[in-house]
Amino acid sequence: MLTKLLKYDLKYMIKNMSVFYIFSIFFAITTRILFSVKQTVIIDIIGQISVGTMFSMLASVLINTLMRSWIRFRDSIYKDEAYLTHTLPVTKKDIYNSKFLQTLIFFIVGFVVIVLSLLIVYYTKDRWIALKTMINSITSGLNINAVLFVLSMIGIIFLEIFNAIQSGFFGIILGHKKNNNKIGYSVLFGFLEYMISQTMVLILMFIVGLFDGNIMELFKNNNILLNSNTLKLIIILTTILYLLIIYFMSVICKKELDKGVNIE
């Protein structure tokens with residue numbers, strides 16, 4: 001049944017997100033073409049409009065992934081659609097897992113679309129070499145693998161944004177337990193949960209710093225040169241902490257859903 005729930009959630013997201021994916025790729029291609037032909041005043045103006053529209057679409061991909069995930073979560077659990085959702089032979093756990101997986105899938109798809117669009121517009125052999133040289137110059141001094149460094153940074157950003165999305169789920173669950181001003185409470189609780197989770201990361205890093213002087217220096221000084229071991233430790237700790245926060249928050253969200261849902 002989880003598969004069937006996920007299928008309907010994916011259909012909803014495809015319907016609402018496909019237009020942004022299509023336009024992102026379309027304007028990336030038109031920008032590449034316009035930037036590659038002989039430049040005139042008109043071509044330059046049209047090219048700038050095209051690249052501006054592309055960046056607008058890329059921003060829309062990210063923003064709408066967040067917003068549509070929250071709207072889908074709210075509508076299918078608390079709005080009119082919820083009458084159907086809660087009559088299905090599924091558990092609250094399955095309902096939450098479906099929304100969780102749907103968000104994860106489209107967050108990954110959105111990231112791929114953004115990267116692909118940027119590559120279509122800006123990729124050249126010289127730029128790629130220049131980018132690799134810049135990354136290698138950073139990582140060589142830290143004695144860390146360049147590919148591992150890039151993937152780690154992307155992974156941490158991914159986890160942080162996904163934590164924000166799940167904080168929104170948590171806020172919606174708590175906000176809809178209130179009798180009035182549910183949207184306001186949802187935003188408030190989601191924001192508070194996100195700030196608490198970020199504070200927890202800092203607190204746990206501080207605790208580790210009590211046993212590692214190099215990490216403690218991050219809390220004491222503004223200007224510090226990281227060594228490779230400290231950077232690797234920070235990357236590993238941050239990744240583990242975000243994974244734990246996301247996991248435990250999903251458990252809490254499911255428990256709160258199990259306590260009952262007030263359909264509007």
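The values are calculated or read from the model by the stated rules, or taken from the named source; none is laboratory data. The shown structure was predicted, so the numbers you read here are calculated from the model rather than taken from an experiment. Counting neighbours? That spans all protein chains shown, and the Cβs are built from the backbone with ideal geometry, glycine included.
A few notes on this one:
- Here the helices (runs of 4 or more DSSP H) wholly within the stretch 1-97 that include at least 2 residues being charged (D, E, K, R) are 2-36, 41-78.
- Look at the stretch 86-103: where a residue is more than 13 Å from Tyr8 (Cα to Cα) and crowded, with 18+ Cβ neighbours inside 10 Å, no partner that is at pLDDT below 80 and acidic (Asp, Glu) sits 6+ places away or on another chain with Cβ atoms under 8 Å.
- Tabulated pairs, the stretch 251-264, first assigned by TED's automatic domain parsing to the domain that holds Gly171, second surrounded by 17 or more Cβ atoms within 10 Å (Cβ to Cβ) and in a loop (DSSP other than H, G, I, E, B), C-beta under 7 angstrom, 6+ apart or interchain: Asn262/His176
- Residue that is surrounded by the most Cβ atoms within 10 Å (Cβ to Cβ), among those in the stretch 128-176 that are hydroxyl-bearing (Ser, Thr, Tyr) and modelled with pLDDT of 80 or more: Ser167
- Asn179 meets the conditions (1) surrounded by fewer than 16 Cβ atoms within 10 Å (Cβ to Cβ); (2) part of a helix (DSSP H, G or I); (3) not aliphatic (A, V, I, L, M) in every case but one. The failed one is (2).
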